[in-house]
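Values quoted throughout were computed directly from the atomic coordinates according to the rules given, and no laboratory measurement underlies them. For clarity, every value in this text was computed on a predicted model and none was experimentally measured. We place every Cβ from the backbone using ideal geometry, glycine too, and count neighbours over all the protein chains shown.
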Amino acid sequence: MDAPAADRYVDIASVPRQVLPATGPDAATGTYTEDCGRNRNGHRNADNLVSSPGVTGSAHHIHDYVGNLSTDAMSSNAELAGAGTTCVGGDRSTYYWPVLRRLDRTGADAHSVGGGLDDNMGQILTPASVVIEYRGNPVSKVVAMPRFLRLITGDAVALYTGSANVHAQWGCSGYQDRFSTKYTLCPEGSGPTRTLDFPSCWDGLSLDSPDHRAQAVFPAGDGVCPHATFAVPQLRVTLTYLVPPGVRYAVDSFPEEKRDPSTDHGMFINVMTDRQMAALVACLNDGRHCRAA
């Protein structure tokens, strides 16, 4: 498949800055950062345990994983809880997203399912950095996420369904808070970034739902959660890549989505222990800036 059309890319200099909501007197202003590596061990597959559990190869594109070392389509909660992890602090949670590829090179999976056989051509790029960060809420304290809560951000079928669930945020390193739903063209010394912000208003009851979204939704623009939902730690995953200026790149997608940048998405399963989650929540609510160790 050819590279996405030129109008799917935008110069980062033309992207406006994001305006953040003001914080109120009851805000949870802390941050909690984890080092879970950048998938140098090559944990990848075409499965999606959150949206298609038990179905091998359901994604028709390749996912990168950090955190839990066992995750595939067949993983049970018990298996996740007993597996190893790449996270320095022992967090066994599962963090994953579709791989990014540079399009001027041939990938090793050019003749494989999830790769070239599903129109995902190019060389897979291992991120130069992966930052796992939990943030509070600008207007209220946060409560603990339950263990094994499933979360989705973005929409893998956005080109077909429209924009309702699009949360793609493409940027460039060194250009703080400039995000686009298009692929970004970065200057010399700057690489493309993907910022995956997850929903943070939990219904207080469910670990999952039929559409895998209803159990947790996004807050309003001012940070307020909808009625009958509770603010939980807001997960942000920031991925940075090294791509030479002028080299086109694209995210993996379902074949019919044509690798459109708006289809960027991520998945998360919370496998923290109660003690780990309590420490995270206390850090955010106390306004501290913590790092798992």
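Let me test this: with uniform point scatterers at the alpha carbons of the range 156-293, what is the Debye-based log₁₀ I(q)/I(0) at q = 0.22 1/Å?
Computed log10 I(q)/I(0) values: -1.38.
Against the 2.2 N^0.38 Å scaling, with N counting residues, where does the chain land? I'd like the Cα-based Rg ratio to two decimal places. Working shown, then result.
Working: Rg = 18.2 Å, N = 293, 2.2 N^0.38 = 19.0 Å.
That ratio works out to 0.96.
Expressed as an acute angle from 0 to 90° and rounded to the nearest 10, what is the orientation of the C-alpha long axis of helix 274-285 relative to the principal long axis of the chain?
Between helix and principal axis, roughly 90 degrees.
Which order results if 272, 121 are arranged by neighbouring Cβ count within 10 Å, fewest first?
Working: 272 25, 121 20.
Ordered from fewest to most neighbouring Cβ atoms within 10 Å, 272, 121 come out as 121, 272.
With θ set to phi - 60° and the Karplus curve 6.51 cos²θ - 1.76 cosθ + 1.60, what are the ³J(HN,Hα) couplings of the range 96-107 in order, to the nearest whole Hz, using x for Gly and Pro?
7, 7, x, 5, 10, 10, 8, 9, 8, 10, 8, x
Which is the longest run of the chain containing none of the trypsin sites (Lys or Arg not before Pro) found in DSSP loop states (not H, G, I, E, B) with at most 13 other C-beta atoms within 10 Å?
Working: sites that count: 40, 105, 288.
It runs 106-287.
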